[in-house]
Amino acid sequence: MRHSKSTALNASLTLVAAAILAACGSDSDTQSTSVTINGVVTATSFTAGSATDPTIAPAYYVGAKVCADANGNGVCDTTETSAVTDAKGHFSLTMPANAALIADIGTDATLSTTGAKIASRDVLRASLDQVMEQAGNVVISPLSSEVQRLVEANGTSYAVEKQTVATRIGVSLANVLADASTVTGAEQAALLAEAKALDNRFTYAITKLDRGDLYPDALATPGGDPRLAGAANVSTATAPTGTDARTKITFAQSQQAAFALEGVPRYDHIFIVMLENKATLSIKGSPWAPKINALLAAGNQLTSYYATGNPSEPNYTALGGADDFGITDDSQWNCDATGANAVQDLPVPDKTQPGLASSPFAASCTQTAAVNHNIVGKPNLFNAITAAGMTWRTYSESMNPGQDFRTDSVADAAVTAADNVYAPGTINNNTAAVGTSGLTLPMPAGLYKTKHHPGMAYQNVRSAPEFKYSNRTMGGGQWDANMKAGTAYAVPASYDVDQLGTDLASGKVGTLNFLVPDQCDDMHGISVIGKLANGTTATASDCGSVANNVAQSSAANIITRGDNYVDALVKKIQASALWKNPAKRVAIVLMFDEGNATSGFNSCCGWNVSNSAVSKPVVVDAKTGAVTVDASVNNYTKGNRGHGESIFGILTNQADAPKGVSDGDAYSHFSFVRTLQDMFQLADPAVDASYMNRSKYTEKFIAANILNLPEYAGSADTHFDSVRAINHAWKAPANYTQKQSADVNTAAQIGADTVQTSVWALKK
């Protein structure tokens, strides 16, 4: 009987495919020939609140219209015959044999697993090639839509892009366009994770279409934001002239635009390598950093990138959520956290808690500045990534085994390493550490610091179910070999000193990954005291502020140490199957939290330092667009106002991506956060409220809300003072002189870059 059913099904498939082929091959019969197509429209059911990877289950769209979209407008028009999916997402439709197939999923449709109504209209597609291939049971899904989108974007074929998608997510060609409920194990998990991310994009595409957006997004328009032409409160030197040449977006354009918000393409994974306290002047062309300079030359660069402030903590906080909230120091995250900003993760991880006898965390903390360090209820990248069904990781080097991630690491005399010594005169030839001084170094306190965690200040990140799971170790450090001998904390069984290496091998890295070396390898520096064989104490030669009988200066030593670590870390990522998968889009960012400017003009892109009298930040109502003052932030005026320029380099695994591109426009940490929101489709360029904190401060936003933003009232250059996505779209006028901070010794650039290619571009 089983053989008989199989034979009947195969016969049915053959007849349907033959009918389609016959119609496609006959000019006279094309319009009159019809076929009956059966299939399903699949969905994903995402359950928030997982303590591990996102919980995503297979589901179906119930009550969705399926039709042949003859005019390609992304709607099942009343003139187009349609079928409605049943409780299992199934449809049966008699349609013209040569038309595109779409599922028009309206807000009256529901999700099969929960019965919840669909919040926003969505449209999914299946190409004619797929209909022919799956004639008896066509699966319309986010992945089928992506295959067709890629065909249109790249001018390729169904077969090529089907293989591309299968290769990207690591599933078999046979399963990549299957109903996920019929697939099991790792392949099902991969299908569901990708389907969730894709469906977010396709839903957004229809939002753009139905809203009548202009194409492309304003900040992706070559030359600058066309909405600023003739606008009040905008600097005339940089404002565009002429009319807005954009037109209303089409269905096809909306699908492409959803994968490149403000001109920033979607990446599958990004690794952000965080380094410390070195300005452009300290690294660019330095003989002590030949490897970083080689990486910069091999990739793309931002040549005018500004930190948020000084010292570290406000910069990392800004990288996590596009504001420093008035923080100007490195104090622990519970300082002055009172009232509405009181700490909620109680008990705090101090030494009174089981297993934390060595914890350096102080249960209470007050300061003269009275600036709250616990940010409550504010949006950030970590929560946004999780809410979208994607994943994040922070990988930190030189953790004490068994410590709480919310505390700084402590000294452990049982964990030792040999001192590094660099051979004088060989650094220019790319020589790594050679030999040792005979000095034995115990693991010092403070190799890992919570001030260097971009999510630590945010209460809703520390309270998130996935916080512990998503914080992981990173190897490559001086003390790795003996880490498991530690006695400061109880060492967990099977403790993994290098979870980054493990995750690269398995492919289980996050969508967003912050890589944080320890305070020796990140060029920050701490004092490490060790002993020679005769018992004499001495200071490590390459991690502190004191040179120990080495021909190089201590500054050169720590730069060289960091240079070697970055080189090894990048090579480790590039050796992974993840990086070597050409269908995956992977990027590595090399950046510093701050420069070292101490005087002069040091800021841009979110702060106007010449007139920073703002008393409170502002919030935007997502429904009405109304801008109001946020009274919940205490002593906001004490926040930083920038700290000069530093290195920002971008490497991608895309063989066809442009290399050697330098973007000379001014950007900041706020700009980077805006860019990441675009890259992972966490925001909507048409809705200011969707961008977190100061990343909403575009030139148009500043101009429209100048009365609520007193720090911008005296802006002499609203372009320079505003936040933009990092996309190289703005073209400086020929006579425009770029501002730069006091820690840059090159001449200020005049006019536009020679090449305006995006540093994120996936192909030339």
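If you go through the range 53-86 and keep only what is within 23 Å of Ile249 (Cα to Cα), of a type outside the set (D, E, K, R) and without any contact (Cβ under 8 Å) to a residue 24 or more places away in the chain, you end up with Asn71, Thr78, Thr79.
Of all the numbered requirements in (1) of a type in the set (Phe, Trp, Tyr); (2) within 16 Å of Gly263 (Cα to Cα); (3) touching a Gly at 6+ places or on another chain (Cβ under 7 Å), Tyr736 misses one, and that requirement is (2).
Residues checked against (1) within 24 Å of Leu275 (Cα to Cα); (2) in contact (Cβ under 8 Å) with a residue 12 or more places away in the chain; (3) crowded, with 24+ Cβ neighbours inside 10 Å; (4) of a type outside the set (Lys, Arg):
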{"position": "Thr624", "(1), (2), (3), (4)": "no, no, no, yes"}
{"position": "Val633", "(1), (2), (3), (4)": "no, yes, no, yes"}
{"position": "Gly642", "(1), (2), (3), (4)": "yes, yes, yes, yes"}
{"position": "Ser646", "(1), (2), (3), (4)": "yes, yes, yes, yes"}
{"position": "Lys659", "(1), (2), (3), (4)": "yes, yes, no, no"}
{"position": "Ser668", "(1), (2), (3), (4)": "yes, yes, yes, yes"}
{"position": "Arg674", "(1), (2), (3), (4)": "yes, yes, yes, no"}
{"position": "Lys696", "(1), (2), (3), (4)": "no, yes, yes, no"}
{"position": "Glu711", "(1), (2), (3), (4)": "no, yes, no, yes"}
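Restricting attention to the range 71-80, the residues being over 35 Å from the mean Cα position of the chain (by Cα) and surrounded by fewer than 16 Cβ atoms within 10 Å (Cβ to Cβ) number 4. Within the option set Thr303, Thr328, Thr238, Thr338, being in contact with a strand residue (DSSP E or B) (Cβ under 9 Å, 6 or more places away or on another chain) and in contact (Cβ under 8 Å) with a residue 12 or more places away in the chain holds for one residue only, Thr303.
When Leu209 is tested against (1) assigned to a helix (DSSP H, G or I); (2) surrounded by fewer than 19 Cβ atoms within 10 Å (Cβ to Cβ), just one condition goes unmet, and that condition is (2). When Ile118 is tested against the conditions (1) under 18 Å from Ala195 (Cα atoms); (2) crowded, with 21+ Cβ neighbours inside 10 Å; (3) in contact (Cβ under 8 Å) with a residue 40 or more places away in the chain, the lone failure is (2).
Listed by position, the strands (runs of 3 or more DSSP E) enclosed by the range 503-620 that each have at least 3 residues that are surrounded by 18 or more Cβ atoms within 10 Å (Cβ to Cβ), at pLDDT 95 or above and in contact with a helix residue (DSSP H, G or I) (Cβ under 7 Å, 6 or more places away or on another chain) are 512-516, 586-592. Looking at the range 275-298, can you tell me whether even one residue there is touching a His at 6+ places or on another chain (Cβ under 7 Å), surrounded by fewer than 24 Cβ atoms within 10 Å (Cβ to Cβ) and not in a helix (DSSP H, G or I)? Yes, the range 275-298 has at least one match.
Of the residues making up the range 663-689, those that are more than 21 Å from Phe271 (Cβ to Cβ) and either assigned to a loop (DSSP other than H, G, I, E, B) or among the polar types (S, T, N, Q) (or both) number 8.
Take the range 465-482 and flag every residue that is closer than 22 Å to Pro354 by Cβ and either in contact with a strand residue (DSSP E or B) (Cβ under 6 Å, 6 or more places away or on another chain) or outside the structural domain of Asp408 (by TED's automatic domain parsing) (or both). Within the range 465-482, just Asn471 meets the criteria.
The values are calculated or read from the model by the stated rules, or taken from the named source; none is laboratory data. Quantities reported herein were computed from a predicted structural model and do not represent experimental measurements. A quick note on method: Cβ atoms are made from the backbone with ideal geometry, for glycine too, and the neighbour counts reach across all protein chains shown.
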